[in-house]
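Below you'll find the structure, written out as structure tokens, and then a few comments.
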Ligand code: GLC
């Protein structure tokens, strides 16, 4: 019988499209941004060149303004919706990238520097590989710079997102209230166009109502030709997300580390930006809920949803933060309520749904982030429990997209790339 390690490697090889990797066949037939960064970590455990190539191909889609799009369509496969033809960025945004590659027009959590640091701390690179990594670091710097230039609406260095897809947690209840303001738009027959429910159980995916709103937001971006300043003024969804900002803060720390490691000069103002962001985060703290909230920029309201996002701050890299013990206490309250950690939404909430996408299921990328955060805060016992549960889930249900935290069953896509990759990375931790 094949070992799980062998299966994980085989999944990556199976999803490899010759230099970049599908998250899984059929359901996601293109290169997704944060998936690929985690995938690079998995490849690095057995093929460093291939790991670097994954990131190089992702950054081929980088826009001239620095943004790295959440999808790069190397093959223009029209079986997916919204596909390259629908986003139409090559026509709407003149010369959006250097190689005239079709992409989406929004971004995703910036985990590239985190993945690269993870690789460098574990494997030694040949000189040629280091030079390729240095080129990538310069591109990552442009991406982070773009956040502070174009997604910094309050000049607090807490950046905003324009679409639930940018958060990477598409239908999290975090966005329920915000989406109430978004029109459904009846222009397109979304029920017919969306392809995800052909390949995955509809009960495990976002509803069509939500999908209509996702697409309506994109319609608006297209109307403004993806001009960020126009979108700032006219978008129905604009939010400062704690999880996204926690990732960016940690990614900044790792990017500074990479600049120092390779003695690269131009760090811009990264250190100051990050320190300011940490300070300003305090404005989002609630002592009533004991959590950092999100901030709805349209309604000028803080949102305190009991989602997994609140724990991402553990990963942000500021272990001395005075609120950390309270956050860890809150996390501990969730533990006895489920059989498999970590649910993506509070198991105490009425909105908790153990098999619907980001409304309850366990996602291994989230587990990896929380695990890393807890290790940083010296909470190794719970961290190891999360790691053990993640491995157990793979053992009982295979390399799935996400899992039911109550019965451990697998949901969504199969032979999933980032699940396989994180398994490999944990074997090598
Ligand atoms: C879903 C997830 C997103 C991920 C993508 C590809 O849209 O919500 O985080 O990047 O699938 O796996």
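When each of 90, 393, 364 is scored by the number of other beta-carbon atoms lying within 10 Å, the sequence from fewest to most is 90, 393, 364.
Applying 1/(1 + (r/R0)^6) with R0 = 51 Å to the Cβ-Cβ distance of residue 300 and residue 396 gives a FRET efficiency near 0.65. The fewest-to-most ranking of 39, 72, 338 by surrounding Cβ atoms within 10 Å reads 338, 72, 39. When the P(r) is computed for the range 284-429, the part past 23 Å accounts for 35% of the Cα-Cα pairs. Ranked by the mean number of other Cβ atoms within 10 Å per residue, highest first, peptides 271-283, 50-62 order as 50-62, 271-283. Averaging sequence separations of C-alpha pairs under 8 Å and six or more residues apart, then dividing by the length of the range 1-104, give the relative contact order as a whole percent. Once divided by the residue count of the range 1-104, the mean separation gives 23 percent. Dividing the summed -39500 (n - 2.57) terms of all DSSP H runs of n ≥ 4 by the residue count of the chain sets its mean residue ellipticity at 222 nm at -14000 deg cm²/dmol. Structural descriptor for the range 272-350: relative contact order 23 percent, calculated from alpha carbon pairs under 8 angstrom and at least 6 residues apart. For the listed peptides 192-198, 417-423, a ranking on the average number of other beta carbons within 10 Å per residue, highest first, reads 417-423, 192-198.
Label-to-label distance for residue 201 and residue 233 is 4.8 nm, based on points extended 7 Å past Cα in the beta-carbon direction.
Computed from the alpha carbon atoms alone, the convex hull of the range 5-145 holds 102 Å³ per residue.
Here each label is just a point 7 Å from Cα along the line to Cβ, and for residue 264 and residue 85 those points are 3.8 nm apart.
Taking a spot 7 Å from the Cα of residue 429 along the direction of its beta carbon, which residues of the range 35-65 have an amide N less than 20 Å from it? Under 20 Å, as judged by backbone N against the label point of residue 429, lie 35-47 of the range 35-65. For the Cα trace of the range 219-283, dividing Rg by the Kirkwood Rh returns an Rg/Rh value of 1.11.
Taking a point 7 Å out from the Cα of residue 25 in the direction of its Cβ, the residues of the range 192-232 whose backbone N falls within less than 16 Å of it are 199-200.
Based on C-alpha pairs under 8 angstrom that are at least 6 apart in sequence, the chain has a relative contact order of 18 percent. Which residues in the range 256-287 have a backbone N closer than 17 Å to a point placed 7 Å from the Cα of residue 134 along the Cα-to-Cβ line? Residues 256-268 fall inside that zone.
Bear in mind these aren't lab numbers, they're just calculated from the coordinates by the rules spelled out. None of these values were measured; they are calculated from a predicted model. Every residue, glycine among them, receives a Cβ derived from its backbone with ideal geometry; neighbour counts consider all protein chains shown.
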